[in-house]
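So the structure is just underneath, and the comments pick up after that.
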Amino acid sequence: MLHRWERNPIISLEDVSYKCNTVFNGTPVKLGDEYLLLLRVEGQRGHSFFCLARGKDGFHFQVDDRPCMLPAEEGRFKVWEENGIEDPRLTEIDGRYYIMYTAVSRYGYRIALARTDDFETFERLALVSGPGNKDGVLFPEKFNGIYARLDRPLGNNVGSIWISYSPDLVNWGHSELVICPRPRYWDSFRIGASVPPIRTGRGWLEIYHGLKMTATGPIYRIGTVMLDLHNPAKMIGRCLGPVLSPREEYERIGDIGNVVFASGALVEPDGEVKVYYGAADTSICVATAHIDELVESCFLTHEFVE
Amino acid sequence: MTYQAVLKAGRDVIHRYGGNPLIAIEDLAFRCSDIWNAGVVRFRGEYLLLLTVETLEGLGSIFLARGTDGYHFSVESKPFMTGSHHGLFAQYESFGICDPRVSEIDGTYYIAYVAYSENGKRIGLARTDDFQSVERMTFVSEPDTKSGALFASKIGGRYAMLQRPWAGGSIWVSYSDDLVYWGSSTVVITPRSGYWDSTRVGAAGPPIEIAQGWLLIYYGEKDTTAGPLVRLGAAILDREDPSCVIARSNIPILAPREKYERIGDVANVVFSCGALLESNGEVKIYYGASDSCICLGTGMLDDIIQVCNESRKEY
């Protein structure tokens, strides 16, 4: 249902001036007229870090000639990021930009939180989960003064989407299960949040990823779910089929084939949503749809409508 | 006995009570599948055990046992806590609750337990003042996390708790101002390749405050071709920063050797949810043997500390 930009991918290895392995899973923000993409770059060692790309139309970007955030080389974050920092997701709250990302180390992966006001310096705030949790996305608003995030712990080896709350962004609790994989569906094996929730008239729109296992490996697709506006722990709608599946060559073939993985979205003033996604863990692409279409996709009861 | 003498005798540092097991299925006034382990607390002059009892259906539940001497116990015939049917707790306790670990803070008794459901295992926190009624507070972890043990006093002005998330099989410490929102988590003790605790570790009972810091009795698993071997070890943690391990025993302080520890529902397991430090320096460790009966092992605190410290020497 999402319409691919005809000149995808928007950023890949050739667009980076320094040596690296791949570029994928970028998170967007619009500052005034300028579009910024905070990219995940995987270095040749296999450890990831972040780099910015800038553009004027949301489709054409120029990648900075040096990274903007590397794994911590000193201080208390160093040990937790020794194997890289991955999958940044940007949320703006009260004019400040928060980056929820995955910190990887010998102890496993955990969710980490940093903040920037100018996209030049990045302040690390805290490690905000135990090991074995990732795909953290921060809600852009508080609920009765409390911050909220979606995250993805593993329970019985099943990866479902949970919600957790915090008074201060550092201490988290009241976690609850929100959305599960659906047996025998396209998202039967594992799901996780992909894009920070978007406020709409009918609730919080969450663009998520889901995968099912096949004989030759997983297929990652993108779906939509609607959460109640006042009680975001409550799911009120969910897509039947995915809104994007890997079909193009650049989505089928790459470091991890058969993956489309949304990493962020922007809603334009005219209602067009630009969904930025990683393709085959190898490049960054963009696909669009109107916000109303995405909202409606959460409430369809039949696949085939006469 | 000195540590060297213990090694020579081929015995564990922890001595088994001659009357083991303390509680077996035959001692119960009700039918059940088995008894797994016990947490322990001193309450109004009595010794209270909080037993994990597996019902015939296969659900974990918690029963109280009371005694006056620490060796003989009478098990209540009705459960103290079972998987909740109310509110948010019902969803996460549908497969039962287990492994209660009790900590007293300012006259309130906090029970950290493991809640099981199809959504995994997570740590719940409940509290009681009288062991008559119990109030569930909140879940203090996401899944899959077990072996939650609350420190009996605040550290740096904050509540502190040990937890064991599934990923990595290590013991972590987390902090909270209010027992509800937790953060600043960091690793404390990891499994050690090549050792008796090579696969995964977890807190046995809540840490015990000693002059040197915190005494942590912990369990370590080593996977073998015939299944896991679960033994108990000890470590000393820094008082102000429990993520700093001052000493850790290289050898187990208790390993399955007796028949009742080798044979049962889950063979080759000694697993504890609580220990007491008596005023004469004796440590009483209440442990489950092969998930089938409750036993007592004792050792002098000084011997346990020596085992931890001796491990740092070449010999």
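Using the beta-carbon distance between B:E278 and A:I253 and R0 = 45 Å, what value does 1/(1 + (r/R0)^6) give for FRET efficiency, to the nearest 0.05?
Working from the Cβ atoms, E equals 0.10.
Spin-label point model (7 Å from Cα, Cβ direction): what's the A:D33 to B:T224 distance in nm?
7.4
Taking the Cα centre of the protein assembly as shown as origin, sum charge times position over the Cβ atoms of Lys and Arg (+1) and Asp and Glu (-1), and report the length of that vector in debye to the nearest 20.
1240
Quick one: work out Rg over Rh on the C-alpha atoms of the range B:35-132, Rh as Kirkwood radius. Display every interim value, and only then the final one.
Values: Rg = 13.3 Å, Rh = 13.7 Å.
Answer for the range B:35-132: 0.97.
Net charge near B:L296, counting Lys/Arg +1 and Asp/Glu -1 over other residues with Cβ under 13 Å of its Cβ?
Net charge around B:L296: -3.
Could you calculate the contour length gain from A:S245 to A:E272, that is, 0.36 nm times the residue separation minus the distance between their Cα atoms, to one decimal place in nm?
7.7 nm
Of A:N258, A:N21, A:N171, which has the largest mean-square fluctuation in a 10 Å C-alpha GNM of chain A?
A:N171
State the volume of the convex hull built on the alpha-carbon positions of the protein assembly as shown, expressed per residue in Å³ and rounded to an integer.
Taking only Cα atoms, the protein assembly as shown has a hull volume of 173 Å³ per residue.
Amide H of A:G159 versus every other amide H placed in the peptide plane: which residues, excluding those fewer than 5 positions away on the same chain, fall under 5 Å?
A:I191
At a temperature of 20 °C and a viscosity of 1.002 mPa s, determine how fast the range B:70-187 diffuses translationally according to Stokes-Einstein, using the Kirkwood radius over alpha-carbon pairs as Rh; express D in µm²/s, rounded to the nearest whole number.
144
Express in nm, to one decimal, how much length is gained between B:D130 and B:H72 on full extension, taking 0.36 nm for each residue of separation and deducting their alpha carbon distance.
Gain on extension, B:D130 to B:H72, equals 18.8 nm.
When the distances between all Cα atoms of the range A:99-234 are binned every 5 Å from zero, what whole-number percent does each bin get?
Spelled out per bin, shortest first, that is 2, 10, 19, 22, 20, 15, 8, 3, 1, 0.
In Å, what is the Rg of the alpha-carbon atoms in the range A:152-229, and how long is Dmax?
Rg then Dmax for the range A:152-229, in Å: 13.7, 44.
Determine by what factor the alpha-carbon radius of gyration of the range A:7-135 differs from 2.2 N^0.38 Å, reporting the quotient.
Compactness ratio reported: 1.02.
Starting from the Cα of A:H3, step 7 Å toward the Cβ, then list every residue of the range A:279-306 with an amide N under 11 Å from that point.
Taking a point 7 Å out along Cα→Cβ of A:H3, the residues of the range A:279-306 whose backbone N falls under 11 Å are A:288-290.
Calculate, for B:A90 and A:I93, the FRET efficiency according to 1/(1 + (r/R0)^6) with r their C-beta to C-beta distance and R0 35 Å; round to the nearest 0.05.
Values: r = 33 Å, r/R0 = 0.95.
Computed FRET efficiency for B:A90 and A:I93: 0.60.
Taking the convex hull of the alpha carbon atoms in the range A:7-297, what volume per residue do you get, in Å³? Mind showing how you got there, number by number?
Values: hull volume 38.0 nm³, N = 291.
Hull volume over Cα atoms, normalised by residue count, gives 130 Å³.
Given a cut-off of 26 Å, name the pairs among A:K142/B:K146; B:K121/B:K284; B:K154/B:K222; A:K234/B:K121; A:K212/B:K222; A:K142/B:K154 whose C-alpha atoms lie farther apart than that in the structure shown.
A:K142/B:K146; B:K121/B:K284; B:K154/B:K222; A:K212/B:K222; A:K142/B:K154
Using 7 Å Cα-to-Cβ label points, what is the A:A215/B:C244 separation (nm, one decimal)?
5.8
If you build the convex hull over the alpha carbons only and average its shadow over all orientations, what do you get for the range B:3-310? Give it in nm² to one decimal.
Over all viewing directions, the range B:3-310 projects a mean Cα-hull area of 15.0 nm².
Have a look at B:A112, B:A167, B:A24 and tell me which one the Gaussian network model of chain B (Cα, springs below 10 Å) gives the largest fluctuation.
Evaluated over chain B, the most mobile residue of the options is B:A167.
Taking 0.36 nm per residue of sequence separation and subtracting the Cα-Cα distance, how much length would be gained by fully extending the chain between A:E296 and A:R45, in nm to one decimal? Write down the numbers at each step before the final one.
Numbers: separation 251, 0.36 × 251 = 90.36 nm, distance 4.28 nm.
Using 0.36 nm per residue and subtracting the Cα-Cα distance, I get 86.1 nm.
Calculate the FRET efficiency for A:F143 and A:D118 from the Cβ-Cβ distance with a Förster distance of 25 Å, rounded to the nearest 0.05.
According to the calculation, E is roughly 0.35.
Regarding the range B:196-308, what are the three Cα extents along the principal axes, ordered largest first, in Å?
40, 28, 20
Where a number appears in this text, it was derived from the coordinates with a stated rule and is not lab data. The structure presented is a predicted model; accordingly, all values stated were derived computationally and were not measured. Neighbour counts are summed over all protein chains in view; Cβ atoms, including those assigned to glycine, are modelled from backbone coordinates with ideal geometry.
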